[in-house]
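Visitor: Input: one structure, supplied below.
The values are calculated or read from the model by the stated rules, or taken from the named source; none is laboratory data. For clarity, every value in this text was computed on a predicted model and none was experimentally measured. Every residue, glycine among them, receives a Cβ derived from its backbone with ideal geometry; neighbour counts consider all protein chains shown.
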Amino acid sequence: MSTTKKPVQRGRPVNEQARQERMTQILDGARACFIARGFHASSTAEISAAAGVSVANIYQYYPNKEALIIALIEADLKRHHDMIVRFWANDLSVTAVKATLSDLFLTKEGHDLAVLRAEIASEGARNPDVAAMLRRSEAGLIQVLQRSILAARDEGRVPLHIDPIAVGERLSLAFEGIMRLYVFSPSDGAILLDRYYSQVADSLHLKA
């Protein structure tokens, strides 16, 4: 009777949860450095110290600093996508909108995200691969925004005559402009949040 030998495993088995936790730890350290010093002024040694891991450990998960930058950009784009979905799931009242965006405009962590987004935009101007990635992602985010506006219109939360394409483009531009102001004026977060809601209310013909 023949038997089939099981393959011999060499090395320690991969613990996926531990792997993800270590990658998050490294990205958190990289994010702190990039916010404080920018992508290109931050050294791998500084990222290593901020993350509490060795440089060799960083390279085990991310082969170079550009891989770290791409991973952070991907995380930011996912965060933006999730924020759009949450925003348009509420009743679009002043209270609901401010509750959705308060973590962004009213906390230090939110301002740090605005700074990181500005750094990402600058990287897009220098790196053609990042620029292409941002263009693709922006197109996808606009589609998500337009679908969300259309759903809100169909559900009666905004007037039927609202044009999802025109309104989506307007609100996207307004958001990016206000985020740029926020980078330089973190203490104005509450004021800028009010200004953005005014844009939302005017675009959707809501009572501001």
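Visitor: State all residues of region 1-33 that are modelled with pLDDT under 60 and either of a type in the set (A, V, I, L, M, F, W, C) or farther than 30 Å from Ile47 by Cβ (or both); if no residue qualifies, say none. Even if it seems obvious, please write down each step before you answer.
Guide: Residues of region 1-33 that are modelled with pLDDT under 60, as a first pass: 1-13.
Within region 1-33, Met1, Ser2, Thr3, Thr4, Lys5, Lys6, Pro7, Val8, Gln9, Arg10 qualify.
Visitor: Given the criteria part of a helix (DSSP H, G or I), modelled with pLDDT of 90 or more and either within 17 Å of the chain's Cα centre (by Cα) or surrounded by fewer than 16 Cβ atoms within 10 Å (Cβ to Cβ) (or both), does Glu109 qualify?
Guide: Working: part of a helix (DSSP H, G or I): yes; modelled with pLDDT of 90 or more: yes; either within 17 Å of the chain's Cα centre (by Cα) or surrounded by fewer than 16 Cβ atoms within 10 Å (Cβ to Cβ) (or both): yes.
In short, yes.
Visitor: Select from region 176-190 the residues that are free of Cβ contacts under 8 Å to residues at least 40 places away in the same chain and β-branched (Val, Ile, Thr) and list them in ascending order.
Guide: As a first pass, look at region 176-190 and keep what is free of Cβ contacts under 8 Å to residues at least 40 places away in the same chain: 176-178, 181, 184-185, 187-188.
Ile178, the sole residue that qualifies.
Visitor: Out of the residues in region 66-84 that are surrounded by fewer than 17 Cβ atoms within 10 Å (Cβ to Cβ) and over 13 Å from the mean Cα position of the chain (by Cα), which is modelled with the lowest pLDDT?
Guide: Glu66
Visitor: In the set Leu206, Leu193, Leu173, Leu150, which member is on the phi < 0 side of the Ramachandran plot, part of a helix (DSSP H, G or I), of a type in the set (A, V, I, L, M, F, W, C) and in contact (Cβ under 8 Å) with a residue 40 or more places away in the chain?
Guide: The match here is Leu193.
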